[in-house]
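This report concerns only the one structure given below.
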Amino acid sequence: MIIALDGPAASGKGTLARRLAAHFDLPHLDTGLLYRATARSLMDAGERLDNERRAEEAARGLALMDFDEEHLRGREMGEAASVVAAIPAVRAALFDMQQAFATRPEGAVLDGRDIGTVICPQAQVKIFVTASPETRANRRAIELAKRGEKVDYAAVLDDIRKRDERDSHRSSAPLVAAADAVLLDTTHLDIEAALKAALDIVAEKAGLRA
Ligand code: CDP
């Protein structure tokens with residue numbers, strides 16, 4: 001079974017993906033990390049984020065093993081990832097790796113922006129996770145504060161709105177729900193309630209509970 005979770009920043013898709021993967025004992029790929037690591041690699045090399053040729057090279061040079069998640073989760077990396085993610089050659093460079101992960105014989109859970117539309121249009125279960133921008137900014141501010149970052153709620157909300165705009169309006173694989181995705185609005189749901197709703201969707205789409 002392939003479970004594809006897409007949605008905007010801090011909608012809860014990452015947490016849900018991890019919980020679903022644990023529940024069904026499936027491998028999980030957070031595809032945002034690929035874009036974050038591409039941006040990190042460019043920044044470490046002193047390159048501009050809009051240098052398309054260098055960005056493609058950085059994406060092709062990624063080795064999943066080397067990911068230092070801790071350094072990729074910061075606020076500035078989300079922004080930077082969204083800039084390189086708009087480059088079609090970067091998306092093309094990361095396509096095979098994601099598809100190979102998704103088509104493992106045991107199945108997989110992937111979360112991102114284009115999983116149900118581009119990477120795994122064949123996924124049995126597609127969930128488009130949303131929440132209001134204010135709720136998402138709140139969650140992200142708490143998450144960043146826990147990481148020890150100094151947070152300003154207004155700046156986080158501004159980031160989220162800018163990122164929604166960039167991700168939804170780019171020409172290559174824009175953030176959009178697949179026609180056969182089920183919408184899950186987590187604005188008023190805590191993690192356990194969101195997980196229950198997601199499990200109900202999996203049960204309905206794939207006939208699986210555990
Ligand atoms: O956790 P959050 O949703 O803030 O970020 P993320 O999932 O790590 O994604 C960071 C950025 O990478 C997004 O704003 C997108 O621009 C890009 N991304 C993408 O284009 N396609 C994906 N499958 C995953 C992420």
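Apply the a/c threshold of 1.5 to the C-alpha gyration tensor of segment 2-203 and tell me whether it is rounded, prolate or oblate. Judged from the Cα gyration tensor, segment 2-203 comes out oblate (a/c at least 1.5, b/c at or above a/b).
For segment 184-193, putting each phi into the Karplus relation 6.51 cos²θ - 1.76 cosθ + 1.60 with θ = phi - 60° gives couplings of 10, 8, 9, 3, 10, 10, 7, 4, 5, 5 Hz, in residue order, rounded to whole numbers and with x for Gly and Pro.
Taking amide H atoms as placed 1.01 Å from N in the peptide plane, the amide H of residue 185 lies under 5 Å from those of 130, each 5 or more residues away in sequence or on another chain. Using Cβ point charges alone (K and R +1, D and E -1), the dipole size of the chain about the Cα centre works out to roughly 120 debye. Shape analysis of segment 154-210 places it in the oblate category; the axes a ≥ b ≥ c from the Cα gyration tensor give an a/c of at least 1.5, with a/b not above b/c. Here segment 80-136 and segment 144-159 have alpha carbon centers that stand 25 Å from each other.
Calculated [222 nm] ellipticity per residue, helices only, for the chain: -16500 deg cm²/dmol; basis is -39500 (n - 2.57) per DSSP H run with n ≥ 4, divided by all residues, nearest 500.
Computed on segment 2-203, with alpha-carbon pairs under 8 angstrom and 6+ residues apart, the relative contact order is 34 percent.
The trypsin sites (Lys or Arg not before Pro) found in segment 1-73 that occupy coil by DSSP, while having at most 14 further C-beta atoms within 10 Å, are 48.
Annotation: lysines with alpha-carbon distance below 30 angstrom to residue 196 (same-chain offsets under eight excluded): 13, 126, 146, 205.
Label separation (residue 200 vs residue 124): 2.1 nm, computed from points 7 Å beyond Cα along the C-beta direction.
Each reported figure results from applying straightforward, stated rules to the coordinates on display, with no laboratory input. A quick note: this is a predicted structure, and the numbers were derived from the prediction, not measured. Glycine gets a Cβ as well: all are built from the backbone with ideal geometry, and neighbour counts include every protein chain shown.
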